[in-house]
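As structure tokens, the structure follows; a few thoughts come after it.
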Amino acid sequence: MSMEFMKVARVSDIPERRSKLIHLENEQIALWHVNGRFYAINNVCPHQHIPALHKGTLSGDKVTCPMHGWTYSLETGVAEFGDGKVKTYKVKIEGEDIFVEKPMSTW
Ligand code: FES
């Protein structure tokens, strides 16, 4: 199955160590810029299903939810404090444009 990407932002829209909340196919995605790379993770924290990860605090390439401190790897989505995993999406950069993998519908 071929993967579709959608243009979601420009590189200059998101300074280092900041994020942008984007909406794609009914999903909220937090797009983070860390050390020259862009990471896309689902914005909804698995702990209490609160859409807050774009407002999280960074440490290295991990983001900590502002609600109760669960912390996820931006690379893998796996919780390093707390439990479970947040969905991650592939990102590609073409020139100034940032593209994110279109979420697959689950049905
Ligand atoms: S909702 Fe994110 S840590 Fe509780």
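The values are calculated or read from the model by the stated rules, or taken from the named source; none is laboratory data. Just so it is clear, the model here is predicted, and its values are computed rather than measured. Cβ sites come from the backbone with ideal geometry, for glycine too, and all protein chains shown count toward neighbours. The protein model used for the area step is the full one, side chains on, heavy atoms only, and it has no ligands, DNA or RNA in it. Shrake-Rupley method; radii C 1.70, N 1.55, O 1.52, S 1.80 Å.
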Practice task
Report, by residue number, each residue of region 47-71 that is near the ligand (Cβ under 9 Å from one of its atoms), touching an Asp or Glu at 6+ places or on another chain (Cβ under 9 Å) and not hydrophobic (A, V, I, L, M, F, W, C).
Solution key: His47, Thr71
Fill in the blank from the handout: The residue from Val34, Val44 that alone is over 18 Å from Met3 (Cβ atoms), within 12 Å of the ligand (Cβ to nearest atom), within 13 Å of the chain's Cα centre (by Cα) and aliphatic (A, V, I, L, M) is Val44
Fill in the blank from the handout: Within region 6-37, the residues that are open to solvent by 20 Å² or more (accessible area, probe 1.4 Å), assigned to a strand (DSSP E or B) and within 16 Å of Lys87 (Cβ to Cβ) are Met6, Val8, Ser19, Leu21, His23, Glu27, Gln28
Handout entry: Boolean, Tyr39 is within 22 Å of Ala9 (Cβ to Cβ), of a type in the set (Phe, Trp, Tyr) and within 12 Å of the ligand (Cβ to nearest atom)
Key = no
Completion exercise
Looking across region 72-95 at residues that are of a type in the set (Ser, Thr, Tyr) and more than 11 Å from the ligand (Cβ to nearest atom), the single one that is surrounded by the most Cβ atoms within 10 Å (Cβ to Cβ) is Tyr89
Practice task
Could you tell me which numbered condition Ile98 fails, if it satisfies all but one of (1) surrounded by fewer than 18 Cβ atoms within 10 Å (Cβ to Cβ); (2) at pLDDT 95 or above?
Solution key: (1)
Practice task
Working carefully through the options Pro66, Pro103, find the one that is surrounded by fewer than 16 Cβ atoms within 10 Å (Cβ to Cβ) and outside any strand (DSSP E or B).
Solution key: Pro66
